[in-house]
1. Would you work out the charge dipole size for the chain about its Cα centre, treating the Cβ of every Lys and Arg as +1 and the Cβ of every Asp and Glu as -1, and quote it to the nearest 20 debye?
2. Take the chain, mark every one of the GluC sites (Glu not before Pro) that falls in a DSSP loop and has at most 14 other Cβ within 10 Å, then report the longest stretch left between them, sites excluded.
3. Can you check what the net charge comes to around A262, using other residues whose Cβ is under 12 Å from the Cβ of A262 (Lys, Arg +1; Asp, Glu -1)?
4. Cβ under 11 Å from V33's Cβ, V33 left aside: what net charge do those residues give with Lys, Arg +1 and Asp, Glu -1?
5. Can you list, bin by bin at 10 Å, the percent of alpha carbon pairs in the chain, starting at 0?
6. Largest first and in whole Å, give the semi-axes of region 39-119's equivalent ellipsoid, each being the square root of 5 times a Cα gyration tensor eigenvalue.
7. Taking only protein heavy atoms and a 1.4 Å probe, what accessible area per residue, in Å², does region 8-89 have with all protein chains in place?
8. When N counts the residues of region 1-81, how does its alpha-carbon radius of gyration compare numerically with 2.2 N^0.38 Å, as a ratio?
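The values are calculated or read from the model by the stated rules, or taken from the named source; none is laboratory data. A quick note: this is a predicted structure, and the numbers were derived from the prediction, not measured. With ideal geometry, Cβ positions are generated from the backbone for all residues, glycine too; neighbour counts draw on all protein chains shown. Quick note on the areas: whole protein, heavy atoms, side chains included, nothing else; ligands and nucleic acids left out. Shrake-Rupley method; radii C 1.70, N 1.55, O 1.52, S 1.80 Å.
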Amino acid sequence: MIQFDAYKMLQTADGELPLDISLTIKKGEFVSVYGNSGAGKTTILRILAGLTRAEKAVIKVGESVWDDSIKKIHFPVQNRSIGFVFQDFALFPNLTVKENLEFALSKNDSKEIILELIELMELQSLQNSKPQNLSGGQKQRAALARAIVRMPEILLLDEPLSALDDEMRFKLQDYILKIHQKYKLTTLMVSHSISEIFKLSDKVIVVDKGKIVKEGTPENVFSEQKISSKFQLTGEIISITKSDIIYIVQVSSGNTIVKVVATEEEGREYKIGQKVLIASKAFNSVIQILK
């Protein structure tokens, strides 16, 4: 269990913004932080990691107190069981993939975890390559593996997939889910992608102007938004649920979630991550797969 209470005055382009956040995360949960740019999402991760110090903070992880501004407790970064993955990979350019993982390993730890992660993240053929010879997706796989080397209690992901193309992003989402489940991590991810949040998260918190304005399951948080029946839009399939002889297909378009009923035959053709066109036809919504 993570108990997080923090207050920090942020300096933004629009002036001062008070970040005032209180949240509880259960052990093993995958929680996403969603909101507009400048809302304070990344600062939450940095305060939890110890990279940014809040004016007031109480952070408790399990029975361990990492921060308590009143009692003058502040664990340094190296004493926090954290794995952090950034958008820009942050690999050491002069080291190979395997050497990057070895560098992250504590002195007395077994190297078996490195071999396990190289296999799990399918980096066998890349382990002797340096970052400049890797694609964006390969670099991020290596960065994810490096973040897990010390078997952290908490994995922090700061928009790790936003710089990748759609196909690679979908593949990396699978890797993230795999390591989260295999190593029983508690994961906190900043993301602007509703489809990504739907695929990975147990819970989402929406941050606006430094405060949590909504939290719950992705379904509850995002499905409240309505749209007129007279529409035509493109989006991405984020979930497919079978109900008796029909399928309920949820499509993310911008910040809107649209539910469409599909026949059993149609439902078998759809896949999560597909780009589709939704249009109204005879008072019903229809889905057309975009090539």
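1. Numbers: 38 positive and 36 negative charges, 51 e Å.
Dipole magnitude for the chain comes out near 240 debye.
2. On the way: sites that count: E55, E63, E122, E224, E269.
After excluding every exposed loop site, the longest remaining stretch is 123-223.
3. Values: positive: K242, K259, R268; negative: E264, E265, E266, E269.
Taking every other residue near A262 into account, the sum is -1.
4. Working: positive: K41, K203; negative: D158, E159, E215.
Local net charge: -1.
5. All Cα pairs, binned at 10 Å, distribute as 6, 25, 30, 24, 12, 3, 0 percent.
6. Details: eigenvalues 172, 55, 21 Å².
Working through the eigenvalues yields semi-axes of 29, 17, 10 Å.
7. Numbers: 4310 Å² over 82 residues.
On a per-residue basis, region 8-89 sits at 53 Å².
8. Compactness ratio reported: 1.09.
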